[in-house]
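Enquirer: Take a look at the following structure, please.
The values are calculated or read from the model by the stated rules, or taken from the named source; none is laboratory data. Note that the structure is a prediction, hence the values are computed from the model and not measured. Counting neighbours? That spans all protein chains shown, and the Cβs are built from the backbone with ideal geometry, glycine included. When the accessible area is computed, the model is the full protein with side chains, heavy atoms only, and any ligands, DNA or RNA have been set aside. Shrake-Rupley method; radii C 1.70, N 1.55, O 1.52, S 1.80 Å.
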Amino acid sequence: GNGCPSLILAQSAMILRFSAPSYLNGSKICIRRMAQRDRQLSSESQTLQEVINRSDLRSRFDRYGKILGIGSLDDWYKVGKSKLKAAGAPASLYQAKGGIKQTLQIAYPEHRWELWKFSRPQWTLEAQRQFLEHLAANEFNIQSLDGWYKLKAGDVVSKGGSGLLQAHGGSLIAALQAVYPDHEWQEWRFKQIPSLLWQDPKNITRFFDWLATELRISKLDDWYQTHPSSLSEGKVLSALQRFFDGSLISALTAAYPSHKWQH
């Protein structure tokens, strides 16, 4: 159907009239066409198999959904492996990699599944992102990522996020950094400042660079004229000063060691 066999026969019959390179080039073109067609057929076959698998899964979920009293797709969030097994459902619905969550996504790809709503959710990064977006929009009225600074880990736990935080050692900051790695998080702006934050000199420098921008401080010596107690960031500065035995200059020295500070 692609003309390759006739091309080869014609070239074979006229081999004395054509140079070897011409004959070989024609064969290469034929081989490339056949390979492209094979890849196309393979792709079409895989796509068809995916449709068949999806249709089969969907029909099975529909069947056992009726047995379990499933009225809408969101009702599946409350169904686990044990309930499906008790209903006589085949293991293919719940024992695949990723469990029932994975097979439901394959069977109903048009539905927006909120992975964190499943019983015993696996807190993948996608599930964590969905859950945090849900909290931001429906629980805490957070309009931008910086809105998370006003919250504590306990606020997330109170809304069902203990499993998410456990995946990050109980730290809300660590969870947000993992889910939104492209955002420049300023840890000192959270209500709960990590106890180890100031042990890294880079964090001290980051903090003072940020605060200098906020206060429009253009030269390091301008810090001598700054009174931390009068700043809205005084609480953070106080915590930082405690780390340096109450000395702002010691903290600044740690942040900018090459500057000659007058103690």
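Enquirer: Contact list please: Cβ distance under 6 Å, first residue in the range 196-223 and hydroxyl-bearing (Ser, Thr, Tyr), second residue at pLDDT below 90 and open to solvent by 50 Å² or more (accessible area, probe 1.4 Å), pairs at least six apart or on different chains.
Expert: Short answer, once both residue conditions are applied: none.
Enquirer: Looking at GLY163, is it within 19 Å of the chain's Cα centre (by Cα) and loosely packed, with under 15 Cβ neighbours inside 10 Å?
Expert: So GLY163 does not fit the description; no.
Enquirer: How do the pairs read when you match residues in the range 96-119 that are over 12 Å from ASP75 (Cβ atoms) and assigned to a helix (DSSP H, G or I) with residues anywhere that are open to solvent by 40 Å² or more (accessible area, probe 1.4 Å) and β-branched (Val, Ile, Thr), using Cβ under 8 Å and keeping only pairs 6 or more apart or on different chains?
Expert: Matching pairs, first to second residue: LEU115/THR124.
Enquirer: Residues that are within 30 Å of PHE118 (Cβ to Cβ) and among the hydrophobic types (A, V, I, L, M, F, W, C): does the range 188-210 have at least one?
Expert: Within the range 188-210, one or more residues are within 30 Å of PHE118 (Cβ to Cβ) and among the hydrophobic types (A, V, I, L, M, F, W, C).
Enquirer: Being free of Cβ contacts under 8 Å to residues at least 40 places away in the same chain, surrounded by fewer than 16 Cβ atoms within 10 Å (Cβ to Cβ) and under 30 Å from the mean Cα position of the chain (by Cα) is the filter; apply it to the range 65-95 and report the residue that is nearest to TRP116 (Cα to Cα).
Expert: Per the criteria, the residue is ASP75.
Enquirer: Six or more apart or on different chains, Cβ under 8 Å: which pairs go from a residue in the range 130-157 that's farther than 14 Å from VAL179 by Cβ to one that's open to solvent by 70 Å² or more (accessible area, probe 1.4 Å) and assigned to a helix (DSSP H, G or I)? Could you list them?
Expert: ASP146/ARG189; TYR149/ARG189
Enquirer: Now a separate question. Taking the range 121-143, which residues are modelled with pLDDT of 90 or more and part of a loop (DSSP other than H, G, I, E, B)?
Expert: GLU139, PHE140, ASN141, ILE142, GLN143
Enquirer: Just to be sure before I move on: is THR124 open to solvent by 30 Å² or more (accessible area, probe 1.4 Å), β-branched (Val, Ile, Thr) and under 26 Å from SER258 (Cβ atoms) in the structure I sent? Can you show your working first?
Expert: Working: open to solvent by 30 Å² or more (accessible area, probe 1.4 Å): yes; β-branched (Val, Ile, Thr): yes; under 26 Å from SER258 (Cβ atoms): no.
When the stated conditions are applied, THR124 does not pass them.
Enquirer: What residue, among those in the range 171-196 that are farther than 30 Å from ASP245 by Cβ and among the hydrophobic types (A, V, I, L, M, F, W, C), is surrounded by the fewest Cβ atoms within 10 Å (Cβ to Cβ)?
Expert: Among those that are farther than 30 Å from ASP245 by Cβ and among the hydrophobic types (A, V, I, L, M, F, W, C), it is ALA178.
Conditions tested, residue by residue: (1) open to solvent by 100 Å² or more (accessible area, probe 1.4 Å); (2) modelled with pLDDT of 90 or more.
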position: TRP198; (1), (2): no, no
position: LYS202; (1), (2): yes, yes
position: THR205; (1), (2): no, yes
position: ASP221; (1), (2): no, yes
position: TYR224; (1), (2): no, no
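Enquirer: Go through (1) closer than 24 Å to GLN95 by Cα; (2) surrounded by fewer than 12 Cβ atoms within 10 Å (Cβ to Cβ); (3) under 18 Å from the mean Cα position of the chain (by Cα); (4) modelled with pLDDT of 90 or more one by one and return the number of the condition GLU110 breaks.
Expert: Evaluating GLU110 over (1) closer than 24 Å to GLN95 by Cα; (2) surrounded by fewer than 12 Cβ atoms within 10 Å (Cβ to Cβ); (3) under 18 Å from the mean Cα position of the chain (by Cα); (4) modelled with pLDDT of 90 or more leaves (3) as the failure.
Enquirer: Considering each residue of the range 231-263, count those that are in a loop (DSSP other than H, G, I, E, B) and at pLDDT 70 or above, and give that number.
Expert: As a first pass, look at the range 231-263 and keep what is in a loop (DSSP other than H, G, I, E, B): 231-233, 244-247, 256-263.
Going one step further and asking which of them are at pLDDT 70 or above, we end up with 244-247, 256-263.
Total meeting the criteria: 12.
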